[in-house]
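The values are calculated or read from the model by the stated rules, or taken from the named source; none is laboratory data. None of these values were measured; they are calculated from a predicted model. Neighbour counts run over all protein chains shown; Cβ positions are idealised from the backbone, glycine included. Each accessible area value is taken on the protein alone, full model and side chains, heavy atoms only, with ligands, DNA and RNA left out. Shrake-Rupley method; radii C 1.70, N 1.55, O 1.52, S 1.80 Å.
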Amino acid sequence: MRRLRNLVISVLITRDLGGQADLDEVVTTVSEFADFAVQTHLQALMSEMVLAHGTPIGEDSGESQELIVLGMGKLGGRELNVSSDIDLIFCYAEDGETSVTSDQQRPLSNHEFFSRLGKKLIAAISEITEDGFSFRVDMALRPNGASGPLVASFGMVEEYFMVQGREWERYAWVKARALTGKSSDIEALEKIVRPFVYRRYLDYGAIDSLRSMHAQIRAEVIRQETRHPERSNNVKLGRGGIREIEFLSQVFQLIRGGREAVLRDRSTRNTLRILGEKGILEPLTVEKLLDSYSFLRNVEHRLQYLDDAQTHTFPAKPEDQRLIAHMMNYSGTEELFEHLAKHRQFVAEQFDAIFKEKSSSSSNPEDEERMIAATLSESDGHEVVEAQLIALGFNDVPGAVQRLMLTWQSPRLQSLSESSRNKLVALINKALSMIVAQSDMHLQTLNRLLAFMEAIARRAAYLALLTEYPHTLERVVRMMNASDWAAQFLTRHPILLDELLDESSLHQQPDWDAFTAELQQQLDHAKGDTERQMETLREMHHALLFRLLAQDLEGQLTVEHLADALSRLADLIVSATIQAAWETISTRHRERPKFAVIAYGKLGGKELGYASDLDVIFLYDDEDQDAPAAYAKLAQRFITWMTCHTPAGILFDIDIALRPDGASGLMVSSVGSFARYQEKSAWLWEHQALTRARFCAGEPGIAEQFEQIRENVLRQQRDAEQLRVEVIAMRKKMRGAHPNRTELFDLKQDAGGMIDIEFIVQFLVLKYAHQFPQLTANSGNIALLKLCAGLGLIDAVLAGKTADAYRTFRKLQHKHRLQGNEKARVAHELVAAEVAATKELWGILLQEKVET
């Protein structure tokens, strides 16, 4: 094995220096040889141990046990140097004893068996002979380090993570890769490791943890360089070195890896590429980091080629330095060091952009210290806070002081650690000047912000994010000031803070294809874990909705464009949920269900708002005898997936009252029975609802059938007088169910409002579609009013005024919804012209004078 290792390394060095091998070939070949060495030695030694002591058997499963050798560090990432140590950890699944088959075998506990096997393996790999050694072995990363046992059962590993696991070990275990062992055992171990390494939320506390780790490493490097100046210029641990690039990639793995499985790659290079592809780092930055990484690793290799030594510092002798420069294809050391300095400077700049300690944005640091002290002092707290608020220009100082003191003296805040409490108070203190700069609604915005801060007070990761990225705090304040609904949404879903980090991506138009692909990828990755899939649907829906909300608050979206986007988002979520829920039904009789969701109401008309329910019905087209029961179960499961409260909240409330026969009808209908019901049994109001219905998601074949049914029903010739009477009767019934006892005008329910316009359009469609088939297009109320005017069915001027009225009503309603108002009501004079136009058209068409 040692001779083979020497041959492999010799060939690699020759190919590398000759320009025939790139970095990837070098590190991959060395890593694969290390895997081969470990696996080959272990196989031989395992046979010897079993011959002497029998086969280790698990006391719970009764199955044979194997040693799992984990490659850590660069070996785990398949990026091993030619002269690297290999960092290993030894595990086994279960405790128990060996099963002996002869008197010559001496039984051992599984722990003792694998301890002896591990020691033999280390010796076989690292023992120095006349041919050298295979690899130096470092076991320091195992639980409890050098003071811990050489091998650990899965139970020991899990308990260690829960009780003693330290932050730096999360960083180390990112790279853990099983080189040996049964696939089932490896999978079981990964389930233990994953929750320790990756948090289910966005873990911005990782930045501070890695910053502290980096500071300790740098301090040790500086200490060594001070004692031994000849050891300066460390390309791995020095400023702008390899370790800083590794930290740059791994910090985002620790932050986001719990939610984004694609970031759990063990390779530094692959992870950087993924960060660029996902837009977490700029693609150009990633390209330059990869270039710097290759350069630094190539320099590192050439340093090690000198004496086959694990070194990362330049040699002291000038002739050795010149040799390194020559191996890097430079004319001399000056040129090499010039390029080295440029790469290290770039890496250091990128590292600082993420890890540099964020200084306070307070205009006067002493004021911030006093502010923090004031919150912890009962004697002079009011006076200090009041003075600062007056100086900032708050317009309701007594109210603000009272609200601040209530927050700071609350049991929740007082139960925090001093560090967290001070961090929270510092954030609030920074936010005060931001609030004043936004508008004159100081106390209202402060109330919203403090409610949010109280909600995240116990989540150190969120405090860390706002501390590390002060611009994010400013965006939070802007949202709190602009909308009460936005404030409540962010308070319920603080995980969305991450979306505020990058303003450019926050304001990009949705890439629906990319969103669909990412959603499906994450659902596929979580297959078999229903809870995780439900969380994925909510997290991705909420994240995109939040981006749309940010664009809405910045005035980048019209109400119509926003509704289109929210409706499309709902369609995609519904589609993904159908298939994911279907795959959880063990009795399903086909891979893809012949099942569809039909949208009515706001979703059907593509007028969805942020908090709209989904009005839907379920259809299927399947002759299988098991179809009715299977699709009834799918519909019920679909509703559960949509409405169930999880840590990420709910997706949508679902209303299925519009299904055939309403509450007394079946939950799902075949396409044929739906067609018969609509043609023979449906009430007129159900045909009115059908004007705004459309295929939402599911089996494409049902989409065509549904649209044909819809067109046939809507294009029936009707008795005009009977139609008029029934529409008027239904409108009176609805108005009576929603009385308005205020002096304000209800934009939706009152006479001359939005529902009247919707009824006008529905009346026109049902009256004239048999004559003008184009009226059955589900193109929205405004477009249909203009179409009716173009067909000469209504006065063009009045149609335009009514369409404008509908647009105005929607805008005003949207503003009220953003402020969290359940009822959208305004002063009559604000919409007098719009109401008059609507009433006039209503009276002309339905020959009914609408009372003012």
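Data for the structure
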read-out: Tilt relative to the chain, helix 512-525 - C-alpha long axis, 0 to 90 degrees, to 10; value: 60 degrees
read-out: Surface/4 of the Cα convex hull for segment 705-852, nm²; value: 9.4 nm²
read-out: Accessible surface ranking that places the most exposed of 669, 10 first, with a 1.4 angstrom probe; value: 10, 669
read-out: For the chain, with +1 on Lys and Arg beta carbons and -1 on Asp and Glu, the positive-most of 197, 523, 160 along the dipole; value: 523
read-out: Percent carbon-and-sulfur accessible area, the chain, ignoring ligands, DNA and RNA, probe 1.4 Å; value: 49 percent
read-out: List 485, 685, ordered by accessible area with a 1.4 Å probe, largest first; value: 685, 485
read-out: Student exercise, segment 710-773 dipole from Lys, Arg, Asp, Glu Cβ charges, in Debye to nearest 20; value: 160 debye
read-out: Ordering of 128-139, 77-88 by burial proxy (mean other Cβ atoms within 10 Å per residue, highest first); value: 77-88, 128-139
read-out: Probe 1.4 Å - accessible area at residue 817, Å² to nearest ten; value: 90 Å²
read-out: For segment 582-713, the Rg and Dmax computed from alpha carbons only, in angstrom; value: 14.6, 45
read-out: Solvent exposure of segment 532-677 as accessible area per residue, Å², 1.4 Å probe; value: 37 Å²
read-out: C-alpha long axis of helix 242-256 to longest principal axis of the chain, angle in °; value: 40 degrees
read-out: FRET efficiency estimate (nearest 0.05) - Cβ-Cβ, residue 119 to residue 6, R0 22 angstrom; value: 0.35
read-out: Most to least packed among 509-519, 626-636 [average Cβ atoms within 10 Å]; value: 626-636, 509-519
read-out: List 433, 292, ordered by accessible area with a 1.4 Å probe, largest first; value: 433, 292
read-out: Given [x] 58; [y] 35; [z] 42, the label whose value is percent of Cα pairs over 47 Å apart derived from this model; value: [z]
read-out: Amide H within-cut-off set for residue 137, under 5 Å, with H built and near neighbours excluded; value: 86
read-out: Whole-Å semi-axes of the ellipsoid equivalent to segment 615-656 (Cα gyration tensor, √5λ, descending); value: 25, 11, 6
read-out: Surface/4 of the Cα convex hull for segment 1-74, nm²; value: 6.8 nm²
read-out: Å² per residue, accessible surface of segment 744-852 at 1.4 Å; value: 43 Å²
read-out: Unit charges on C-beta of K, R, D, E only; dipole of the chain, Debye; value: 1120 debye
read-out: Residue 111 accessible area, assembled protein chains, probe 1.4 Å, Å²; value: 60 Å²
read-out: Dipole of the chain, positive direction: furthest Cα of 332, 354, 798, with charges on the beta-carbon; value: 798
read-out: Positive-end residue, the chain charge dipole about Cα centroid, Cβ charges, pick of 295, 309, 716; value: 716
read-out: Whole-number accessible area per residue in Å² for segment 2-158, which is evaluated in the context of all protein chains at 1.4 Å; value: 43 Å²
read-out: Residue 476 accessible area, 1.4 Å probe, all protein chains in place, Å² to nearest 10; value: 0 Å²
read-out: Segment 1-116 - charge dipole about Cα centre, Lys and Arg +1 at Cβ, Asp and Glu -1, debye rounded to 20; value: 680 debye
read-out: Theoretical ellipticity at 222 nm over the chain - DSSP helices of four or more residues, -39500 (n - 2.57) apiece, nearest 500; value: -19500 deg cm²/dmol
